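Undergrad: Before I ask anything, let me first share the structure, which is written out below as structure tokens.
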Amino acid sequence: MSSQSAPATPRHPPASLGFNLAGIAVLALLLAVGAAYLLDEMGRTSRTPTPALEDGNPIVQTISGRELTIPTAWFRYGEQIRDGFTNQIDLTLMFAPDGATPLPVQVMLLPRSRARTSSALLDAVYLHQFGDETLAGIPGLVGKPLGAAAGYEGERVWYDPLSANAFVAKCMAPIEPGAPEQCVRTVYLPSGIAAVYVFDAKALQSWRQFDTQMKLWLEKIGAW
């Protein structure tokens, strides 16, 4: 009886093997680039100094006819660090209420014509969108949720009901789980420049100190 030969073991063509090796090499390269990028970003973050009132090394920028002398460490974006005229300045300042952990405040300086104050929006917009619920938790401020039907899902307004020039801030629920709730407050400074503040909702617990502390920073550069 004749014996049957064993079936031949299938082999990958050389082209297929080369393709797989090339794919592995590309994946390894992407992982290496990603790791390098992550390490670079971590390094940048660790090297970024915390802004301080004592900072020097200023540049001079003019906005709304007002000349500001701003320490370079205060700028949020490196590409804005240049002398000359501008129509927007983005800074990072610090809010350090008594007995609390300092919190960063993102500040956008704009010409007055490009912004509307939070107190003006309270009367013209927010009051007409308030829900029935009244929120508690911030001493001295009244909290009201805004109507979801008007496109304000997850947003709320906190305001001082006893002041003619009310402290007003609109806060938004975080998009990412675990992220802090962020609040926005827009004011006109005595210089005629508008300032838009974006800050962690934790700062509302010390809201009476907020404008006073921001004044210290903005006076130093000539924006107040």
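The values are calculated or read from the model by the stated rules, or taken from the named source; none is laboratory data. Keep in mind it's a predicted model, so treat the numbers as computed, not measured. Here the Cβ is made from the backbone with ideal geometry for all residues, glycine too, and neighbour counts use every protein chain on show. Ligands, DNA and RNA are stripped out before the accessible areas are found, and what is left, the full protein with its side chains, is counted by its heavy atoms. Shrake-Rupley method; radii C 1.70, N 1.55, O 1.52, S 1.80 Å.
Undergrad: Which condition does C183 not pass, out of (1) over 14 Å from the mean Cα position of the chain (by Cα); (2) at pLDDT 95 or above, if it passes all the others?
TA: For C183, the failing item is (1).
Undergrad: While we're looking at this one, here's another question. So, of the residues in segment 124-150 that are assigned to a helix (DSSP H, G or I), open to solvent by 20 Å² or more (accessible area, probe 1.4 Å) and out of contact with any Gly (no Cβ under 7 Å at 6 or more places or on another chain), which turns out to be nearest to W207 (Cα to Cα)?
TA: L127
Undergrad: Please go through segment 195-224 and give me each residue that is open to solvent by 30 Å² or more (accessible area, probe 1.4 Å), closer than 11 Å to V105 by Cβ and of a type in the set (F, W, Y), ordered by number.
TA: none
Undergrad: Which residues, counting only those in segment 75-97, are touching a Ser or Thr at 6+ places or on another chain (Cβ under 7 Å) and charged (D, E, K, R)?
TA: Result: R76, single match.
Undergrad: Please enumerate the residues belonging to segment 185-194 that are open to solvent by 10 Å² or more (accessible area, probe 1.4 Å) and either in contact (Cβ under 8 Å) with a residue 40 or more places away in the chain or of a type in the set (S, T, Y) (or both).
TA: Residues satisfying the conditions are R185, T186, V187, Y188, S191, G192.
Undergrad: Now for a separate question. In segment 120-159, what residues are touching a helix residue (DSSP H, G or I) at 6+ places or on another chain (Cβ under 7 Å), among the hydrophobic types (A, V, I, L, M, F, W, C) and either modelled with pLDDT of 95 or more or within 17 Å of V184 (Cα to Cα) (or both)?
TA: I138, L141, L146, V157, W158
Undergrad: Right, something else. Have a look at L121, L93 and point out the one that is crowded, with 18+ Cβ neighbours inside 10 Å and either in contact with a strand residue (DSSP E or B) (Cβ under 9 Å, 6 or more places away or on another chain) or outside any strand (DSSP E or B) (or both).
TA: Result: L93 is the single residue among L121, L93 that is crowded, with 18+ Cβ neighbours inside 10 Å and either in contact with a strand residue (DSSP E or B) (Cβ under 9 Å, 6 or more places away or on another chain) or outside any strand (DSSP E or B) (or both).
Undergrad: Among the residues of segment 167-184, is there at least one that is part of a helix (DSSP H, G or I) and open to solvent by less than 20 Å² (accessible area, probe 1.4 Å)?
TA: Within segment 167-184 (the criterion being part of a helix (DSSP H, G or I) and open to solvent by less than 20 Å² (accessible area, probe 1.4 Å)), the answer is no, since none of the residues qualifies.
Undergrad: Exactly one condition in (1) farther than 19 Å from F95 by Cβ; (2) open to solvent by less than 50 Å² (accessible area, probe 1.4 Å); (3) of a type in the set (D, E, K, R) is false for E153; which is it?
TA: The failed condition is (2).
Undergrad: Is it true that some residue in segment 78-86 is out of contact with any helix residue (DSSP H, G or I) (no Cβ under 8 Å at 6 or more places or on another chain), closer than 19 Å to V198 by Cα, open to solvent by less than 80 Å² (accessible area, probe 1.4 Å) and touching a residue at least 40 places away in the same chain (Cβ under 8 Å)?
TA: Looking for residues that are out of contact with any helix residue (DSSP H, G or I) (no Cβ under 8 Å at 6 or more places or on another chain), closer than 19 Å to V198 by Cα, open to solvent by less than 80 Å² (accessible area, probe 1.4 Å) and touching a residue at least 40 places away in the same chain (Cβ under 8 Å), one finds none in segment 78-86, hence no.
Undergrad: Also: Report, by residue number, each residue of segment 96-118 that is more than 16 Å from the chain's Cα centre (by Cα), open to solvent by 40 Å² or more (accessible area, probe 1.4 Å), of a type in the set (S, T, N, Q) and within 18 Å of V198 (Cβ to Cβ).
TA: The answer is T101, and nothing else.
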